[in-house]
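Enquirer: Here you go, one structure.
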Amino acid sequence: MSASLRAVSRIDAHHHVWDLSARPHAWLDSDRMAPVRRTYTLDDLAGPAAASGVEATVLVQVLPDPDETREFLTLAAGSELVAGVVGWIDLTAPDTADTLASLPAGLVGVRHGVQSEADPAWLNRPDVRRGLAAVSAAGLAYDLLTLPHQLPAAIDTVSALPELPFVLDHLSKPPIASGELEPWRGRILELAARPNVSCKLSGMVTEADWRSWRVAELRPYAETVLEAFGPERVMFGSDWPVCLLAAGYEQVAEAAGELCAGLSESETAEVFGGAARRAYRLEG
């Protein structure tokens, strides 16, 4: 794992790997996902990341599988690229605190695929809140993987746990392909009013039209989160290799650079490093 991040020029705060020989990935079974239905490793990422000036990354869970989390932590321990892991645990289990304590070093956050939960208020469940309190007590962050209609529950949860750093993944997946802004924008502004939540500038190209997207179509959504959170609470994430459905790693990084072109040098440094270091406490 990277020994020092103080001089890192860029951090990719959100990427994945997966090994199809290790366990099934049912979410890749549809024809739509066929272009990325293969194994992806850290070696596959290293070249494109380096070409984009990325020197450290955050590896994020894919499956709700504790074995995957432990494997990711092992990968991180042997990697000069991965600075931390956002893993998965069962937030609803009564022994969440014990599970967190049993994991090896390298875990910087926890994520659950709330986007797949049928209950839009899943985050408000007492057992989930108990699990999130354990995440907070362990000194970790929590990644919010939500859809726009789940943002009201996210707002309630962020408000109820002010000591827990939350990181919103993929802008909560706004409808970029259709160009609609509301009610997503209003909910983002409300969520961002809570100081314990940050947002990843990630996942936009796959919410746009995969074949014809342009940076101009992403701009209203990027400008919304930059306005709402401020650059100090917005962090670049590639969402590689999912992004390959619509764009290569370098294209995603270049698009993020264009979207941040109006920022000052210090603000740009926040988006491409500082915000991730703070949210995930990477400098330690």
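Enquirer: Against the condition modelled with pLDDT of 95 or more and under 29 Å from ALA153 (Cα atoms), how does ALA101 come out, does it pass?
Expert: So ALA101 passes the test.
Enquirer: Test each condition in (1) in contact with a helix residue (DSSP H, G or I) (Cβ under 9 Å, 6 or more places away or on another chain); (2) within 30 Å of ASP209 (Cβ to Cβ); (3) surrounded by fewer than 14 Cβ atoms within 10 Å (Cβ to Cβ) for ALA22 and report the one that comes out false.
Expert: For ALA22, the exception is condition (2).
Enquirer: Right, something else. Where in the range 172-284 are the helices (runs of 4 or more DSSP H), entirely inside, with at least 1 residues that are farther than 21 Å from VAL54 by Cα, in contact (Cβ under 8 Å) with a residue 24 or more places away in the chain and over 15 Å from the mean Cα position of the chain (by Cα)? Spell out how you get there, then give the answer.
Expert: On the way: elements: 184-192, 215-229, 249-259, 265-269, 275-279.
Of the helices (runs of 4 or more DSSP H) lying wholly inside the range 172-284, those with at least 1 residues that are farther than 21 Å from VAL54 by Cα, in contact (Cβ under 8 Å) with a residue 24 or more places away in the chain and over 15 Å from the mean Cα position of the chain (by Cα) span 184-192, 215-229.
Enquirer: Shifting gears a bit: May I ask you to verify whether VAL215 is buried (at least 24 other Cβ atoms within 10 Å of the Cβ) and of a type in the set (Val, Ile, Thr)?
Expert: So VAL215 fails the test.
Enquirer: Is it fair to say ASP127 is over 20 Å from the mean Cα position of the chain (by Cα), surrounded by fewer than 23 Cβ atoms within 10 Å (Cβ to Cβ) and assigned to a helix (DSSP H, G or I)?
Expert: Yes; evaluated as a whole, the condition is true for this residue.
Enquirer: Is there any pair linking a residue in the range 26-53 that is on the phi > 0 side of the Ramachandran plot to one that is part of a helix (DSSP H, G or I) and surrounded by 11 or more Cβ atoms within 10 Å (Cβ to Cβ), with Cβ under 9 Å and at least six apart or on different chains, and which?
Expert: GLY53/ALA253; GLY53/PHE272
Enquirer: For VAL82, are the conditions met, namely being touching a strand residue (DSSP E or B) at 6+ places or on another chain (Cβ under 8 Å) and touching a residue at least 60 places away in the same chain (Cβ under 8 Å)? Steps first, answer last, please.
Expert: Numbers: touching a strand residue (DSSP E or B) at 6+ places or on another chain (Cβ under 8 Å): yes; touching a residue at least 60 places away in the same chain (Cβ under 8 Å): yes.
Here the answer is yes, as VAL82 does meet what is asked.
Enquirer: Among the residues of the range 147-156, is there at least one that is part of a loop (DSSP other than H, G, I, E, B) and surrounded by fewer than 22 Cβ atoms within 10 Å (Cβ to Cβ)? Walk me through it before giving the result.
Expert: The first filter runs over the range 147-156 and keeps only residues part of a loop (DSSP other than H, G, I, E, B), leaving 147.
This time we only want the ones that are surrounded by fewer than 22 Cβ atoms within 10 Å (Cβ to Cβ), so: 147.
Yes, the range 147-156 contains at least one residue that is part of a loop (DSSP other than H, G, I, E, B) and surrounded by fewer than 22 Cβ atoms within 10 Å (Cβ to Cβ).
The values are calculated or read from the model by the stated rules, or taken from the named source; none is laboratory data. Here the structure is a predicted model, which means the values were calculated and not measured. As a convention, Cβ positions derive from the backbone with ideal geometry for all residues, glycine included, and neighbour counts pool all protein chains shown.
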